[in-house]
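The structure under discussion appears below in the form of structure tokens.
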Amino acid sequence: MPTVDYAALDAEAVRTSIDVVSGATTADLAKPTPCRAWTLYGLLAHMATQHYGFAAASRGDSDPAVWKLRDLGDDPVKAYVASAEHVLDAFTQPGAAEREWPLPEFGPGASFPGAQAMSFHFIDYVVHSWDVAKSLGTTVTFAPETLQAAQTVAQVVPTGDIRLAPGTPFAADIPWTGDNPLDQIVAHLGRNPNWPN
């Protein structure tokens, strides 16, 4: 079985997020998103923080302070794009996929093989690109093979009571019978594909 190139898949997801975020205006930052109580600004702050956290992990940095929610300053869109470019560079450094990555958000001492950690980041940015697009009233598209890979990763995310615990990254999965792969992915990860309806 060929090895999945999660760095390339992640790069597509992150670049898609850059494209959709770049369409946001200052007035858009207070808009709601499919991410529970987050406004668009809150979502972008979370996304940027995760970029810096995963980039640090790719270098072996286990400092939990890197994961502290960031202030996006006077130009949140520019700050987001900078964070995205930072993680794109980090993931393409020699040996990143083979290295063990510390991910303190998963618990004290938690670490994962680089390729697996990249898969976590990849699925987040497929879904967060969709979140931002929904908030802005637009859409995102991904290559069919990207969505196929994302579906495989999404299916590994546990369902059941763990999704109801405080602080869980995904809400309970939503039954969905549509045939759009992106809708299937977001529904499995707790988003209503028809949001905000």
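Numbers at a glance
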item: Of all residues in the stretch 157-197 being in a loop (DSSP other than H, G, I, E, B) and among the acidic types (Asp, Glu), the one that is least open to solvent (accessible area, probe 1.4 Å); result: ASP173
item: Residues of the stretch 66-90 that turn out to be surrounded by fewer than 17 Cβ atoms within 10 Å (Cβ to Cβ) and in a loop (DSSP other than H, G, I, E, B), as a count; result: 6
item: Selection count, the stretch 91-126, where residues are open to solvent by less than 50 Å² (accessible area, probe 1.4 Å) and in a loop (DSSP other than H, G, I, E, B); result: 6
item: Those residues of the stretch 139-150 which are closer than 13 Å to PRO193 by Cα and either basic (Lys, Arg) or more than 15 Å from the chain's Cα centre (by Cα) (or both), in sequence order; result: THR139
item: Within the stretch 15-29, considering residues that are closer than 20 Å to ASP124 by Cβ and hydroxyl-bearing (Ser, Thr, Tyr), the one surrounded by the fewest Cβ atoms within 10 Å (Cβ to Cβ); result: SER22
item: Residue within the stretch 33-55 that is among the β-branched types (Val, Ile, Thr), over 21 Å from MET118 (Cβ atoms) and open to solvent by less than 10 Å² (accessible area, probe 1.4 Å) present; result: yes
item: Qualifying residue in the stretch 20-37 (condition: more than 19 Å from ALA133 (Cα to Cα), at pLDDT 95 or above and assigned to a helix (DSSP H, G or I)); result: no
item: Residue count for the stretch 1-14, restricted to those that are open to solvent by 20 Å² or more (accessible area, probe 1.4 Å) and among the small types (Gly, Ala, Ser); result: 2
item: Some residue of the stretch 130-142 being under 18 Å from VAL87 (Cβ atoms), among the small types (Gly, Ala, Ser), assigned to a helix (DSSP H, G or I) and open to solvent by less than 70 Å² (accessible area, probe 1.4 Å); result: no
item: Total residues in the stretch 56-95, condition of a type in the set (D, E, K, R) and closer than 19 Å to ALA13 by Cα; result: 3
item: Counted residues, the stretch 55-64 - those being modelled with pLDDT of 95 or more and in a helix (DSSP H, G or I); result: 4
item: Residue that is least open to solvent (accessible area, probe 1.4 Å), among those in the stretch 143-156 that are part of a helix (DSSP H, G or I), touching a residue at least 12 places away in the same chain (Cβ under 8 Å) and farther than 25 Å from GLY53 by Cα; result: PRO144
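The values are calculated or read from the model by the stated rules, or taken from the named source; none is laboratory data. The shown structure was predicted, so the numbers you read here are calculated from the model rather than taken from an experiment. Cβ sites come from the backbone with ideal geometry, for glycine too, and all protein chains shown count toward neighbours. To get the accessible areas, we keep the full protein, side chains included, count just its heavy atoms, and leave off ligands, DNA and RNA. Shrake-Rupley method; radii C 1.70, N 1.55, O 1.52, S 1.80 Å.
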